[in-house]
Amino acid sequence: MGAVPVVNENDTVATDEIRFGDNDRLAALVAHLVHADLLVLLSDVDGLYDGPPGTPGASRIAEVTGPDDLAGVTIGSAGKAGVGTGGMVTKVEAANIATAAGVPVVLTSASRAADALAGRDTGTYFHRTGRRSADRLLWLAHASTPQGALTLDDGAVRAVVERRTSLLPAGISGVEGEFSAGDPVELRDPHGTPIARGLVNFDAKEIPQLLGRSTRDLARELGPAYEREVVHRDDLVILTPRLTP
């Protein structure tokens, strides 16, 4: 069929360290890595519906051009066949990952996989919403395991999320976990909500002495090695809110 299959994880050998959590997200990451022209997600229903499939008035959503198209749509859990670990929610989240990275997605039933690959009208087609990103940034956002967390003040949250700047010591108010320079860490707002992930430039034990201080003052007191970002913007990705059933 001219396709690369992404099959189930083998739960008898999978461990927390290597497990992705669901096969749909794994498929989205693979689609990006192999520069796929299309990702086909297979379910026990023939597409995404605007209500529980089979109920009166529920109809298939033929196309999704962006998140606004799903506003007000209730996305349920696994269908009668119990497909996947999270049902339709994980499939739509996987579609969001792939389309944001420039890979279009078709969500349909297994019996219609050939139709999807042939470009025939079937299932739900998710249009691209973004462009291809660096492989490591996609990994950082969707496949890495944070080794700790940094709490940001409101000003730092705005700088990182809205202006896409690097994270400086002055904007950090707290640190959690044990990590080393180069490890992935979670960036949280003052309420504890994750807003981003990044590769940190300092060990966890170094950061308490940096909190709330300018890089200029740190360089003067501790040396030029401390006149740098805690997380550089090139090693940082903004997180999007997860869907809930």
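Derivation of every value follows stated rules applied to the coordinates shown; laboratory data play no part. Quantities reported herein were computed from a predicted structural model and do not represent experimental measurements. Note that each Cβ is placed from the backbone with ideal geometry, even for glycine, and that neighbours are counted across all protein chains shown.
The calculated 222 nm mean residue ellipticity attributable to helices in the chain amounts to -6000 deg cm²/dmol, summing -39500 (n - 2.57) over DSSP H runs of n ≥ 4 and dividing by all residues. Charged side chains reduced to their Cβ positions (Lys and Arg at +1, Asp and Glu at -1) give the chain a dipole of some 460 debye around its Cα centre.
Note down the Stokes-Einstein diffusion coefficient of the chain in µm²/s, whole number, using a Kirkwood radius over alpha carbon pairs, 20 °C, and 1.002 mPa s. So the translational diffusion coefficient is about 108 µm²/s. Annotation: amide H of SER43 within the under-5 Å range of THR108, SER109, ALA110, sequence separation 5 or more or interchain, hydrogens built in the peptide plane. In the chain, excluding the sites themselves, the longest stretch lacking any of the GluC sites (Glu not before Pro) that are in a DSSP loop with at most 13 other Cβ atoms within 10 Å is 18-161. 3J(HN,Hα) along the range 234-239, derived from phi through the Karplus expression 6.51 cos²θ - 1.76 cosθ + 1.60 where θ = phi - 60°, amounts to 6, 10, 9, 10, 7, 8 Hz, with x in place of Gly and Pro.
Protection proxy ranking for 48-56, 123-131, using the average of other Cβ atoms within 10 Å per residue and placing the highest first: 123-131, 48-56.
The eigenvalues of the Cα gyration tensor, multiplied by 5 and square-rooted, give the range 144-238 an equivalent ellipsoid with semi-axes of 19, 15, 12 Å from largest to smallest. Take every DSSP beta bridge whose two residues both sit in the chain; close to 65 percent of them are antiparallel.
Using the Cβ of ALA118 as centre and a radius below 13 Å, the other residues enclosed give a net charge of -1, where K and R count +1 and D and E count -1. Between the range 113-163 and the range 196-216, the alpha-carbon centres lie 25 Å apart.
When the alpha carbon gyration tensor of the range 23-133 is reduced to an equivalent ellipsoid, its three semi-axes come out at 21, 15, 14 angstrom, largest first.
Here the mean projected area of the convex hull built on the C-alpha positions of the range 194-245 is 4.7 nm². Here the range 91-188 is treated as a Stokes sphere of Kirkwood radius computed over C-alpha pairs; at 20 °C and 1.002 mPa s its diffusion coefficient rounds to 132 µm²/s. Scanning residues 5 or more positions from SER173 or on other chains, those with amide H under 5 Å from its amide H are THR151, LEU152, ASP153, with H placed 1.01 Å from N in the peptide plane. Can you tell which of ILE207, THR99, PRO169 lies farthest toward the positive end of the dipole of the chain, using +1 and -1 charges on the Cβ of basic and acidic side chains (Lys, Arg; Asp, Glu)? Of the candidates, THR99 comes out farthest on the positive side.
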